[in-house]
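Visitor: Take a look at the following structure, please.
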Amino acid sequence: MKPPAHMRSHRRRSGGQRWDEHNSTRQTQILEAAVALIEEHGPTTEVSIQQIAERAGLARSVVYRQFDNREDLDARVREYILDHYVAEVESLFVLDPTRTAEEMFHDIMRRVVSWAADHPNIYHFGQNGPVHGHSTGETTLTIGRHRVAETLWQQFSSWTGMLAIDVEPYRPLVYGLVGLVEGIVTQYIGTPEAERPDPETISRMLTASAWHLFAGHAADRGYHFDRSANIAETLAKLFAEAAAQRD
């Protein structure tokens, strides 16, 4: 006897969901294997489907079934690289009241520089080709720049919004700052390793640049910040100044 219709449809949905999860797991295996091989062999060396399948522990036919073609696989690898890179950077966009603004800048810059220095091959691979879900002319750098800048802007404008400070005219500077970091990091990892300064030197230079950009424009608006003051002290001062102006 057949089960009721509502039970049959639920069973079909559950089976479909399990199949989707199964495919998602396999795709992740394949993408992780492709990234590992690019790390090992470099962005310009052709990594075969057979190599990717063997590294993933799958049959070559499984790789072919999971992606439309080789171009689709490469585009999804770039998407995978981009998502992981952006997630690492954005995880640091957290306002810690016990730390200074400069320390927060430094954490972000150090993560960006160290990630690129530790993964130069996949950093370069992401620059040279389309990314899944985006137009042909976009690369992981241009897409990542936009995503990081937008997240940074949303965080910054929400913090200043609590103080009723209008920062909308400065939105382009957030994109400019992210572009500055991207350009310096790209030049840095493109320099022969023996000629590069250590990553911490680059991180501190970028941190100082971000601080001076922020503090300089704030000073033009009449806000003067102490580099040694933590976020809690800075916010307390700003709230007190805002309250005084209302009175």
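Visitor: Checking A232 against (1) in contact with a Pro (Cβ under 7 Å, 6 or more places away or on another chain); (2) modelled with pLDDT of 95 or more, which test does it fail?
Guide: Of (1) in contact with a Pro (Cβ under 7 Å, 6 or more places away or on another chain); (2) modelled with pLDDT of 95 or more, only one is false for A232: (2).
Visitor: Would you point out which residue out of E103, E150 is part of a helix (DSSP H, G or I), open to solvent by 60 Å² or more (accessible area, probe 1.4 Å) and more than 20 Å from L37 (Cα to Cα)?
Guide: Exactly one residue qualifies, and that residue is E103.
Visitor: Next up: Looking at region 213-229, which of its residues are closer than 21 Å to R111 by Cα and either among the aliphatic types (A, V, I, L, M) or at pLDDT 95 or above (or both)?
Guide: L213
Visitor: Within region 80-100, take every residue that is buried (at least 19 other Cβ atoms within 10 Å of the Cβ) and without any contact (Cβ under 8 Å) to a residue 60 or more places away in the chain and give me the one that is nearest to N230 (Cα to Cα).
Guide: In this case the residue turns out to be V89.
Visitor: Then there's this: Suppose we filter region 40-56 for residues that are under 23 Å from H119 (Cβ atoms) and open to solvent by 40 Å² or more (accessible area, probe 1.4 Å); how many remain?
Guide: Here the count works out to 10.
Visitor: Okay, next question. Look at region 82-100 and say how many of its residues are within 14 Å of the chain's Cα centre (by Cα) and either modelled with pLDDT of 95 or more or not in a helix (DSSP H, G or I) (or both).
Guide: Adding up the residues that qualify gives 3.
Visitor: Turning to a different aspect of this structure: For region 190-221, which positions are closer than 21 Å to I122 by Cα and either in contact with a Cys (Cβ under 8 Å, 6 or more places away or on another chain) or among the hydrophobic types (A, V, I, L, M, F, W, C) (or both)?
Guide: Result: A194, I202.
Visitor: Another question about this same structure. Taking region 220-247, which residues are small (G, A, S), open to solvent by 40 Å² or more (accessible area, probe 1.4 Å) and in a helix (DSSP H, G or I)?
Guide: Within region 220-247, A232, A236, A240, A244 qualify.
Visitor: Hey, another quick one. So, in region 116-138, exactly how many residues are free of Cβ contacts under 8 Å to residues at least 60 places away in the same chain, buried (at least 19 other Cβ atoms within 10 Å of the Cβ) and within 20 Å of G190 (Cα to Cα)?
Guide: Total meeting the criteria: 1.
Visitor: Do the conditions hold for A75, that is, is it among the hydrophobic types (A, V, I, L, M, F, W, C), buried (at least 17 other Cβ atoms within 10 Å of the Cβ) and in a helix (DSSP H, G or I)?
Guide: Against the criterion (among the hydrophobic types (A, V, I, L, M, F, W, C), buried (at least 17 other Cβ atoms within 10 Å of the Cβ) and in a helix (DSSP H, G or I)), A75 qualifies.
Visitor: Taking G176 as meeting all but one of (1) under 18 Å from L92 (Cα atoms); (2) loosely packed, with under 14 Cβ neighbours inside 10 Å, write down the number of the exception.
Guide: (1) is the only condition that G176 fails.
Visitor: For I189, only one of the following conditions fails: (1) more than 14 Å from the chain's Cα centre (by Cα); (2) open to solvent by 40 Å² or more (accessible area, probe 1.4 Å); (3) within 24 Å of I38 (Cβ to Cβ). What is its number?
Guide: (2)
Visitor: Is it the case that some residue within region 158-171 is farther than 19 Å from M109 by Cα, open to solvent by less than 70 Å² (accessible area, probe 1.4 Å), among the polar types (S, T, N, Q) and in a helix (DSSP H, G or I)?
Guide: Taking every residue of region 158-171 in turn, at least one turns out to be farther than 19 Å from M109 by Cα, open to solvent by less than 70 Å² (accessible area, probe 1.4 Å), among the polar types (S, T, N, Q) and in a helix (DSSP H, G or I).
The values are calculated or read from the model by the stated rules, or taken from the named source; none is laboratory data. Bear in mind the structure is a predicted one, so any value in this text is a computation, not a measurement. Glycine also receives a Cβ, built like all others from the backbone with ideal geometry; neighbour counts cover every protein chain displayed. For the accessible areas, the whole protein counts, side chains as well, though only heavy atoms, and no ligand, DNA or RNA atoms are used. Shrake-Rupley method; radii C 1.70, N 1.55, O 1.52, S 1.80 Å.
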